[in-house]
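To start, the structure under review is shown below, and the notes come after it.
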Amino acid sequence: MTTTVPKIFAFHEFSGVAEAVADYVVHAQNVALTEKVKERKQSTSNGANGHGESKELGRVNSTKSVSSSRDSTKKINRRKERRFKIALSGGSLIQVLHEGLLKRTDVHWNKWDIYFADERLVPFESSESNYGQAKRKILDQIDTEKYGSPNVYHIDENLIDDPQECADSYEKVLIKGFAGRDSVKLPMFDLFLLGCAPDGHIASLFPNFQENLREKLAWVVPVVNAPSGPSTRISLTIPVICHSHRVTFVVEGATKAPVIKTIMERPEKGLPSSIVNEGAAGRVSWFVDDDALTDVFVTKKKYKFHDPVELHFDNE
Ligand SMILES: O=C(O)[C@H](O)[C@@H](O)[C@H](O)[C@H](O)COP(=O)(O)O
């Protein structure tokens, strides 16, 4: 068992969760998009390690210091465009993002590569489709004239009758997006957003689906006979999730309190959510409302909103 305790941000109200999650997502975006600038600054100043929470960010990219850092930003951007790579789960998370993100003016949507943590194998027009829901509730509502459009990587809808084919095809999409399997053993998302169901499943990794939970090589697995919702699905695997720079759980409502208690107090039960909570230790945060923490004995933290940051890019 790990001794690293995850950060658990607790909120009285659901709306508090949505706003804080949006702020955290934007912060992760800003860190990802300025990483090269940071590295350069750090290499000249003999600074600290690369990714993660960074005080450097505010210093390098605050409105005040933009002009001084712009030259180095330009050189770096010409070399390789940075993208913010995020994985989204389905379920209530989509509504949380809808409420929190769409009203923000500092989301650089045109720099986002959006993937899905899992997908239910139903037509996109179905209310059960994770991509379909994300499209209707978020993607279609972005003011693209102002902010541009993200790249969105979803499953091939033509393959929903063949879970294995669909998983293989989505894995190829990931391989392409993350520079090829030979050069990267695992894709590395800047941010992996997860919900958690009352049974402890995350993405479409269900308790007792041992083969999927033990998968070490595949990035994407087929799921058949899922115990809830659409029975055929595909899911990104535990090693992929745990390899992310940040793994964030967003959970709300009293129906989730028992599972949160199990995850936090009985990790040995080996729920998929516990495996990730342990496996990504040090990079995990939870955004949870008070209802979902009823009778759960954990140290709660107050979420501190980040100062606004203004990013400038060559091509804007
Ligand atoms: O496609 C899926 O089934 C989701 O990705 C799934 O893992 C979801 O995140 C949880 O079931 C929690 O969903 P709720 O937040 O709606 O309870």
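I'd like the full set of residues that are among the small types (Gly, Ala, Ser) and open to solvent by 30 Å² or more (accessible area, probe 1.4 Å), limited to region 129-155. First the steps, then the outcome.
Let us first name the residues in region 129-155 that are among the small types (Gly, Ala, Ser), namely 129, 132, 134, 148-149.
149 - this is the single residue of region 129-155 that is among the small types (Gly, Ala, Ser) and open to solvent by 30 Å² or more (accessible area, probe 1.4 Å).
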Can you tell me which condition residue 215 does not meet? The list is (1) over 27 Å from residue 27 (Cβ atoms); (2) touching a residue at least 24 places away in the same chain (Cβ under 8 Å); (3) within 14 Å of the ligand (Cβ to nearest atom), and all the others hold.
(3)
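Consider residue 234 carefully, then state whether it is more than 9 Å from the ligand (Cβ to nearest atom) and under 19 Å from residue 289 (Cβ atoms). Even if it seems obvious, please write down each step before you answer.
Numbers: more than 9 Å from the ligand (Cβ to nearest atom): yes; under 19 Å from residue 289 (Cβ atoms): no.
No; evaluated as a whole, the condition is false for this residue.
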From the residues in region 266-316 that are assigned to a loop (DSSP other than H, G, I, E, B) and polar (S, T, N, Q), which one is least open to solvent (accessible area, probe 1.4 Å)?
294
Within region 255-265, can you find the residues that are open to solvent by 10 Å² or more (accessible area, probe 1.4 Å), of a type outside the set (Ser, Thr, Tyr) and within 12 Å of the ligand (Cβ to nearest atom)?
256
Out of everything in region 219-231 that is part of a loop (DSSP other than H, G, I, E, B) and under 23 Å from the mean Cα position of the chain (by Cα), what residue ends up being nearest to the ligand (Cβ to nearest atom)?
229
Here is a list of conditions, (1) at negative phi; (2) surrounded by 22 or more Cβ atoms within 10 Å (Cβ to Cβ); (3) within 16 Å of the ligand (Cβ to nearest atom), and residue 209 meets all of them except one; can you say which number that is?
(2)
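Can you tell me which residues in region 236-254 are crowded, with 17+ Cβ neighbours inside 10 Å and over 14 Å from the mean Cα position of the chain (by Cα)?
Let us first name the residues in region 236-254 that are crowded, with 17+ Cβ neighbours inside 10 Å, namely 236-238, 240-252.
Result: 252, single match.
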Within region 99-113, does at least one residue satisfy the condition of being within 15 Å of the ligand (Cβ to nearest atom) and within 18 Å of the chain's Cα centre (by Cα)?
yes
Looking at residue 144 and the list (1) within 20 Å of residue 192 (Cα to Cα); (2) out of contact with any Cys (no Cβ under 9 Å at 6 or more places or on another chain), which single condition is not satisfied?
(1)
Selection from region 102-135 of residues within 30 Å of residue 243 (Cβ to Cβ) and of a type in the set (Lys, Arg) yields 104, 111, 120, 135
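State the number of residues belonging to region 109-127 that are among the aliphatic types (A, V, I, L, M) and open to solvent by 10 Å² or more (accessible area, probe 1.4 Å). If you could, list the steps in order and put the result at the bottom.
Within region 109-127, the subset among the aliphatic types (A, V, I, L, M) is 114, 117, 121-122.
This time we only want the ones that are open to solvent by 10 Å² or more (accessible area, probe 1.4 Å), so: 121-122.
Selection size over region 109-127: 2.
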Out of 190, 168, 199, I need the residue that is of a type in the set (Asp, Glu), in contact (Cβ under 8 Å) with a residue 12 or more places away in the chain and within 14 Å of the ligand (Cβ to nearest atom). Which one?
199
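The values are calculated or read from the model by the stated rules, or taken from the named source; none is laboratory data. Here the structure is a predicted model, which means the values were calculated and not measured. With ideal geometry, Cβ positions are generated from the backbone for all residues, glycine too; neighbour counts draw on all protein chains shown. All accessible areas refer to the heavy atoms of the entire protein, side chains included, with ligands and DNA or RNA removed. Shrake-Rupley method; radii C 1.70, N 1.55, O 1.52, S 1.80 Å.
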